[in-house]
1. Tell me yes or no: at least one residue of segment 129-145 is of a type in the set (V, I, T), in contact with a Ser or Thr (Cβ under 7 Å, 6 or more places away or on another chain), surrounded by 15 or more Cβ atoms within 10 Å (Cβ to Cβ) and within 25 Å of T184 (Cα to Cα).
2. Looking at segment 110-137 only, could you name the residues that are among the polar types (S, T, N, Q) and in a strand (DSSP E or B)?
3. Can you tell me which residue among L100, L107, L85 is assigned to a loop (DSSP other than H, G, I, E, B) and under 16 Å from N67 (Cα atoms)?
4. Checking V154 against (1) away from the ligand (no atom under 16 Å from the Cβ); (2) not in a loop (DSSP other than H, G, I, E, B): exactly one of these is not met. Which one?
5. Could you list, in sequence order, all residues of segment 38-94 that are on the phi > 0 side of the Ramachandran plot and free of Cβ contacts under 8 Å to residues at least 24 places away in the same chain?
6. Filter segment 138-151 for residues that are over 13 Å from the mean Cα position of the chain (by Cα) and assigned to a loop (DSSP other than H, G, I, E, B); which is farthest from the ligand (Cβ to nearest atom)?
7. Can you list residue pairs whose Cβ atoms sit under 7 Å apart, with the first residue in segment 133-150 being closer than 12 Å to Y114 by Cα and the second being within 16 Å of the ligand (Cβ to nearest atom) and modelled with pLDDT under 95? Count only pairs 6 or more apart in sequence or on different chains.
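The values are calculated or read from the model by the stated rules, or taken from the named source; none is laboratory data. Computed from a predicted model, the values in this text were never measured in an experiment. Glycine also receives a Cβ, built like all others from the backbone with ideal geometry; neighbour counts cover every protein chain displayed.
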Amino acid sequence: MAKLYYYYSSMNAGKSTTLLQSSFNYRERGMHTLIWTAAIDDRFGEGQVASRIGIHEPASRFHKEDNIFQLTKSSHEHREISCVLIDEAQFLTKAQVWQLTHITDTLKIPVLCYGIRTDFQGQLFEGSQWLLAWADELVELKTICHCARKATMVVRVNAKGETIRQGTQVEIGGNDRYVPLCRTHFKEAMLTKSCTGETKLAQESPQQHQSHNQPESQQNLLKH
Ligand SMILES: [Zn+2]
C-alpha cells in the first residue's frame, strides 16, 4: 500500500539531504521520481532541491494555487513515477495536502514530504498542520539544542544574534537567521527583554487579569 509520509523537524536536521538520498535510492534501481519544492524558496535558483552538503537535484515548483494531484497525474501518464518527494512541505496549503492523499490512494504512489513543524513563534505551518493530521506515517528528523536536548522549536535571530519575536511567518533564510532550540530554551529566548525593555510577562498586565473576573469571561474559561 502506498503511504503518505511526513518527515518533520525543527530545522537544520538534514531534511534536503534525506530527501535527495531517498530519491537516489529509487533512481539507482532505474525508477523515476518527481521532486517538488515550494515556489517561495528561490535560495538555490529556480526549481531545485539543494542540500547544505553540496548535492542538488532539479525540482518542480508548487504555488499555492497548483493542483499537485493533477500535475503529478499528468506527469505519471507521460512517464511512470515510483515516488513523489516534496521539500518545504510546510508551505503546502490544506487543499494541497488533501491532494497528496489522492496521489497515494488513487495513483498508488508513495509521497514523502519533508518540512518544518512550527514557525519562529511556535505556531504550526499550514502544510505541517494537515500533514500531521492526515499522513500515514510521521517521522521526526531530530536535531539538538545548544544544551544537547532535542530541539523541537526554532527562533529567528537578527545579525546580532538577538531573538526576533514578531514578523511574517514566511521568511526564507540561511543558518544565520534561525536557531533550533529545545522548548525550555525557546521559552527563555521568547521571554528575554527586547530592546524596548518590555517582556511577554509584562504584557500580561493586572488589568487584563481583572477582566477575567467578569462573569462572561469566567464562562469562557470554564468551556476549556
Ligand atoms: Zn536547550
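1. Of all residues in segment 129-145, those of a type in the set (V, I, T) come to 139, 143-144.
Next, only the ones that are in contact with a Ser or Thr (Cβ under 7 Å, 6 or more places away or on another chain) stay: 143.
Remaining after also requiring surrounded by 15 or more Cβ atoms within 10 Å (Cβ to Cβ): 143.
Then drop every residue that is not within 25 Å of T184 (Cα to Cα), which leaves 143.
Yes, some residue in segment 129-145 is of a type in the set (V, I, T), in contact with a Ser or Thr (Cβ under 7 Å, 6 or more places away or on another chain), surrounded by 15 or more Cβ atoms within 10 Å (Cβ to Cβ) and within 25 Å of T184 (Cα to Cα).
2. T118
3. Details: L100 fails: assigned to a loop (DSSP other than H, G, I, E, B); L85 fails: assigned to a loop (DSSP other than H, G, I, E, B).
The match here is L107.
4. The one condition V154 does not meet is (1).
5. Listed by number, the residues that qualify are G45, G47, G54.
6. K142
7. Qualifying pairs under 7 Å: E140/S9; L141/S9; L141/A13.
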